[in-house]
Amino acid sequence: MTLNRQHFAKFQSLIALVVLCIVLSCLSDKFLTVDNGWNVMRQISVNICIAVGMTLVVLTSGIDLSVGSVLALCGAITAGLMKNGIEVHSSNLYIGFTLLGAILAGLFTGAGVGAFNGFAITRFKVPPFVATLAMLTIARGLTLLWTQGFPISVFGEKFGYIGTGWFLGIPVPVWISAIVVLTAVVITMKTPLGRYIYAIGGNENAAKLSGINVSKVKIIVYSMAGALAAVGGLIVTSRLDSAQPNAGISYELDAIAAVVIGGTSLSGGKGTIWGTVLGAVIIGVLNNGLVLLNVSPFWQQVVKGGVILLAVIIDKANSKSE
Amino acid sequence: MLVADHITKKFPGVIALQDVCMELHPGKVNAILGENGAGKSTLMKILSGVYPEYEGRILLQDTEVNFANPREAQGAGIGIIHQELNLVPHLSITENIFLGREITNRWGMLDGKAMKDRTRALLDKLKLNVSPDTLIFDLKVGQQQVVEIAKALLTDCQVLIMDEPTSAITESEVEVLFGIIKELRDENKVIVYISHKLDELFKIADRYIVLRDGKTIESGEMKDINHDTLIHKMVGREINIIRNKGYEATTEPVLAINNINLKHPENQKRDLLKNVSLHLCPGEVLGIFGLMGAGRTELLETIFGLHRAHTGSINIKQQSTNFRSPGEAMKAGIALVPEDRKKDGLLLNLDVKTNISITTLDNLQSMGLLHDGKEQQLAKKYIDSLKIKTPSANQLTKNLSGGNQQKIVLAKCLATQPIVLMLDEPTRGIDINAKNEIYKLILELAATGMGIIMVSSELPEILAISDRILVMAEGSITAEFKAADASEDNILKAAIPKNL
């Protein structure tokens with residue numbers, strides 16, 4: 001029965017999206033063009049990566065506020081290693097990094113920071129909100145330390161391909177986010193891990209008594225969220241051809257918004273990856289449309305907030321009417 | 001007078017109350033009796049406005065009332081003291097009593113003095129000799145109970161409903177409470193007293209109303225009925241299972257535990273388990289009886305790897321083990337059906353299939369992905385063999401009745417193919433038919449050679465299906481009986497704590 005309801009809710013946001021697109025294409029002749037379509041998709045690819053990780057975390061009834069800072073940290077680490085390698089002056093040691101090595105180091109940093117979040121949450125019972133809020137500050141501080149507060153830039157064409165390249169007529173960031181989404185869909189729908197994620201969010205006690213290693217699952221989930229933030233960091237850094245120490249500020253909020261608009265319950269156990277993707281697309285289209293219509297950036301924020309609120313109110317009304 | 005007229009209340013998958021009629025008289029203590037799941041609490045929630053939707057009528061002083069929320073019921077003079085205390089620990093007595101109905105002065109500010117004076121008057125009336133400024137946190141449970149009563153009395157209530165008011169308080173506190181109840185009764189209030197402690201009812205109640213499986217069975221004057229008849233009316237049935245010959249231990253025990261000690265995790269001075277030893281043979285049904293807080297649940301949890309801080313040894317098939325988690329215990333062949341199926345057993349928002357398969361997903365994969373066919377097959381196997389009544393394997397578990405939910409918890413335990421099955425209050429809150437089916441299942445499983453431990457606070461079921469009975473009190477095992485030697489009397493005697 002909930003499945004029907006979820007389908008209906010999904011359907012509903014889909015209708016909302018279609019209506020939004022029709023309205024925008026009537027109001028602006030620039031909206032419904034191929035160029036603008038790719039533009040929107042490229043813009044939301046970063047949020048999709050982060051929001052997918054966020055969905056997994058929220059499904060376990062957690063939250064990850066650190067993803068924006070982790071994005072900046074991982075982007076900076078990859079950039080720094082690529083450009084300067086590691087130099088230890090005292091022992092005259094120099095380690096150079098290949099492009100792939102630097103990218104992997106960035107991804108591992110993200111996963112590691114996420115694992116640390118998960119560890120603090122499971123081992124020391126720190127509430128996820130607090131643990132990841134602390135990490136939000138810590139990771140931002142580490143980014144500033146690593147970059148000394150200056151952007152690290154210019155890496156050449158190869159790295160730029162990640163954020164600006166095209167493959168088979170589709171922008172590379174769109175490919176990346178598509179792979180992330182499909183992998184997450186398979187994990188949530190088709191693997192024991194996915195099932196455990198829903199079980200823990202639905203009833204952590206019952207999950208534990210069913211023999212599920214709750215701590216392990218949570219640590220994995222936060223690591224995934226961290227690694228996906230790192231993927232976002234690679235895309236951002238590559239697109240700008242520069243790692244900004246203040247990149248990704250408040251990205252966690254956009255990700256949470258996508259999750260919520262997508263119908264995932266913040267108390268856990270209920271929701272889908274597809275819902276989140278739809279949520280991210282709605283936010284992306286809305287942003288894009290408001291820019292095309294020359295709406296003041298101040299009003300853009302008001303409208304975006306209103307949409308989030310509306311989405312949740314509709315969702316609540318749905319679950320009550322059942 | 002408060003009258004319930006043909007009240008019916010349905011929840012998804014279960015009829016909690018069916019055509020319930022009763023008259024609650026003023027100037028009397030009206031006792032409502034019934035087993036767990038008989039519908040007592042549901043009825044009280046309707047009377048006090050918690051459930052505004054039901055069929056039938058409620059009459060208060062001959063006028064029909066329909067409370068949309070507890071506040072309206074309160075306004076109409078119905079006060080209720082719930083089984084779980086509803087006090088805010090870090091607020092004072094005064095603040096708790098006036099919560100949501102604070103007295104304010106003409107500037108809209110709290111009038112502390114007025115509230116404190118009223119509180120002091122109430123506490124005096126109830127003979128609770130503490131300052132109104134005391135934090136709830138610092139009161140004993142019995143005193144907190146009195147504060148609840150004061151809260152109910154604040155709005156001059158005509159009807160006072162008490163749901164199991166003595167479940168957490170000591171004997172001397174009970175005496176004080178009874179004194180208060182008698183005084184209120186003599187003020188011509190309708191007192192509704194819910195309990196299943198019969199001795200208590202014979203002391204305090206004037207009238208009785210028996211509920212069973214959501215129906216009113218009988219009502220009358222307390223003085224016209226005796227203990228045994230009352231029990232018979234509450235239970236209303238014999239447990240009808242046929243046992244084959246008594247069990248005789250012939251093999252080595254499958255589970256043996258020695259000298260288990262466990263301290264309270266937050267209070268090292270309190271012992272939860274003291275020197276507990278027991279053994280269980282394959283095919284044996286071991287019943288463990290004990291009152292609330294006797295340590296029965298903690299014992300099962302310790303065996304299941306949930307309390308790592310215990311001392312003593314646990315041996316499975318002569319192998320010493322030390323489980324660090326339920327997952328490890330399950331791998332070794334131990335399964336636990338927990339006491340509270342909604343809180344600890346089920347994923348209520350997920351379907352039957354998912355609930356049954358959750359313990360054995362590792363066996364239901366092909367190439368790392370879940371195999372839907374195998375999962376359906378597993379679910380179907382248990383839906384058929386345990387006779388789980390559900391429209392399909394894809395039905396959400398929250399829409400099923402208590403008995404069927406319990407069978408699902410049992411199914412997910414059996415799916416792990418345990419050699420020892422531990423059941424904690426396996427028939428709590430389920431109807432008679434489901435109970436009998438569960439008993440039959442337990443015996444069938446034992447006949448296949450599974451070792452079974454059943455913890456229960458229902459004596460009839462302990463006596464009916466155990467091969468051997470252990471009695472626990474205050475964290476220790478106080479007696480052991482063979483089925484043939486056990487009786488209600490000698491079990492209860494051993495179960496009552498010595499130093500209350």
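The values are calculated or read from the model by the stated rules, or taken from the named source; none is laboratory data. These numbers were taken from a predicted model, which means no experiment stands behind them. So basically every Cβ, Gly included, is an ideal-geometry build from the backbone, and we count neighbours across all protein chains shown.
Summary of values
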| read-out | value |
| --- | --- |
| In the range A:195-231, residue farthest from the other protein chains (Cβ to nearest Cβ) [restricted to those that are charged (D, E, K, R) and over 22 Å from the mean Cα position of the chain (by Cα)] | A:GLU204 |
| Output for the range A:261-274, where each listed residue is surrounded by fewer than 24 Cβ atoms within 10 Å (Cβ to Cβ), away from chain B (no Cβ under 14 Å) and within 20 Å of A:ALA317 (Cβ to Cβ) | A:LEU266 |
| Answer residue from the range B:193-232, given it is closer than 21 Å to B:ILE180 by Cα and small (Gly, Ala, Ser) and is surrounded by the most Cβ atoms within 10 Å (Cβ to Cβ) among those | B:ALA205 |
| Yes/no for A:LEU234 being part of a helix (DSSP H, G or I), on the phi < 0 side of the Ramachandran plot, under 17 Å from the mean Cα position of the chain (by Cα) and away from every other protein chain (no Cβ under 14 Å) | yes |
| Close pairs (6 angstrom Cβ cut-off, 6 or more residues apart or separate chains): touching a residue at least 60 places away in the same chain (Cβ under 8 Å) and surrounded by fewer than 20 Cβ atoms within 10 Å (Cβ to Cβ) in the range B:158-179, among the small types (Gly, Ala, Ser) and not in a strand (DSSP E or B) anywhere | B:GLN158/B:GLY77; B:GLU164/B:SER195 |
| Any chance B:ALA256 is within 28 Å of B:ALA483 (Cα to Cα), within 14 Å of chain A (Cβ to nearest Cβ) and in a strand (DSSP E or B) | no |
| Selection status of A:GLY248, under 17 Å from the mean Cα position of the chain (by Cα), at pLDDT 90 or above and in a loop (DSSP other than H, G, I, E, B) | yes |
| Residue pairs meeting the criteria (Cβ under 7 Å; at least 6 apart or on separate chains; first among the polar types (S, T, N, Q), in the range A:254-269; second part of a helix (DSSP H, G or I)) | A:THR264/A:THR55; A:THR264/A:VAL58; A:THR264/A:LEU59; A:THR264/A:GLY275; A:THR264/A:THR276 |
| Selection within the range B:131-181 - among the acidic types (Asp, Glu) and closer than 22 Å to B:ILE78 by Cα | B:GLU148, B:ASP156, B:ASP163, B:GLU164 |
| For A:THR183: the one exception among (1) touching a residue at least 40 places away in the same chain (Cβ under 8 Å); (2) hydroxyl-bearing (Ser, Thr, Tyr); (3) surrounded by fewer than 17 Cβ atoms within 10 Å (Cβ to Cβ) | (1) |
| Residue under evaluation A:VAL130, criteria (1) of a type in the set (A, V, I, L, M, F, W, C); (2) within 30 Å of A:ALA206 (Cβ to Cβ); (3) touching a residue at least 40 places away in the same chain (Cβ under 8 Å), criterion not met | (3) |
| Selected residue [at pLDDT 90 or above and among the charged types (D, E, K, R)] from B:GLU102, B:GLU72, B:GLU64, B:GLU84 | B:GLU64 |
| Near pairs, Cβ below 8 angstrom, 6+ apart or cross-chain, from the range B:395-422 (within 12 Å of another protein chain (Cβ to nearest Cβ) and surrounded by fewer than 24 Cβ atoms within 10 Å (Cβ to Cβ)) to any residue that is in a loop (DSSP other than H, G, I, E, B) and polar (S, T, N, Q) | B:LEU396/B:ASN349; B:LYS398/B:ASN349 |
| Any hit, the range A:159-172, residues being within 14 Å of another protein chain (Cβ to nearest Cβ) and not in a helix (DSSP H, G or I) | no |
| Residues satisfying the stated conditions in the range B:336-348, i.e. facing another protein chain (nearest Cβ under 9 Å) and either of a type outside the set (Lys, Arg) or under 18 Å from A:SER215 (Cβ atoms) (or both) | B:LEU336, B:PRO338, B:ASP340, B:ASP344, B:GLY345, B:LEU346, B:LEU347, B:LEU348 |
| Some residue of the range B:285-303 being under 21 Å from A:ILE212 (Cβ atoms) and either touching a helix residue (DSSP H, G or I) at 6+ places or on another chain (Cβ under 8 Å) or at pLDDT below 90 (or both) | yes |
| Hits in the range B:219-231 - residues which are of a type outside the set (S, T, N, Q) and either touching a residue at least 40 places away in the same chain (Cβ under 8 Å) or within 10 Å of B:LEU33 (Cβ to Cβ) (or both) | B:MET222, B:LEU230, B:ILE231 |
| The range B:322-331: number of residues that are at pLDDT 90 or above, surrounded by fewer than 17 Cβ atoms within 10 Å (Cβ to Cβ) and either more than 14 Å from every other protein chain (Cβ to nearest Cβ) or under 16 Å from B:LEU414 (Cβ atoms) (or both) | 1 |
| Hits in the range B:44-75 (condition: in contact (Cβ under 8 Å) with a residue 60 or more places away in the chain and assigned to a loop (DSSP other than H, G, I, E, B)) | B:SER48, B:GLN61, B:ASP62 |
| Residue pairs meeting the criteria (Cβ under 9 Å; at least 6 apart or on separate chains; first at pLDDT 90 or above, in the range B:305-316; second of a type in the set (Phe, Trp, Tyr)) | B:GLY305/B:PHE323; B:LEU306/B:PHE323; B:ILE314/B:PHE323 |
| Residue list for the range A:270-295, restricted to those being at pLDDT 90 or above and either part of a loop (DSSP other than H, G, I, E, B) or in contact with a His (Cβ under 8 Å, 6 or more places away or on another chain) (or both) | A:GLY271, A:THR272 |
| Only listed residue being crowded, with 20+ Cβ neighbours inside 10 Å and part of a strand (DSSP E or B), chosen from B:ILE15, B:ILE80 | B:ILE80 |
| Where B:ARG341 falls short, out of the listed (1) crowded, with 24+ Cβ neighbours inside 10 Å; (2) farther than 30 Å from B:ASN394 by Cβ | (2) |
| Selected residue (criterion: farthest from A:VAL185 (Cα to Cα)) from residues of the range B:357-386 that are more than 10 Å from every other protein chain (Cβ to nearest Cβ), under 30 Å from the mean Cα position of the chain (by Cα) and surrounded by 14 or more Cβ atoms within 10 Å (Cβ to Cβ) | B:LEU386 |
| Any hit, the range A:235-255, residues being in contact with a strand residue (DSSP E or B) (Cβ under 7 Å, 6 or more places away or on another chain) and surrounded by fewer than 21 Cβ atoms within 10 Å (Cβ to Cβ) | yes |
| One residue from A:THR183, A:THR188 being in contact with a Gly (Cβ under 8 Å, 6 or more places away or on another chain) and in a helix (DSSP H, G or I) | A:THR188 |
| Matching entry among B:ALA464, B:ALA494, B:ALA484, B:ALA446 (being farther than 17 Å from B:VAL285 by Cα and assigned to a helix (DSSP H, G or I)) | B:ALA494 |
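Yes/no matrix, rows are residues, columns are (1) hydrophobic (A, V, I, L, M, F, W, C); (2) modelled with pLDDT under 85:
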site	(1), (2)
B:PHE11	yes, yes
B:GLU23	no, no
B:GLY34	no, yes
B:LEU60	yes, no
B:ILE78	yes, no
B:LYS113	no, no
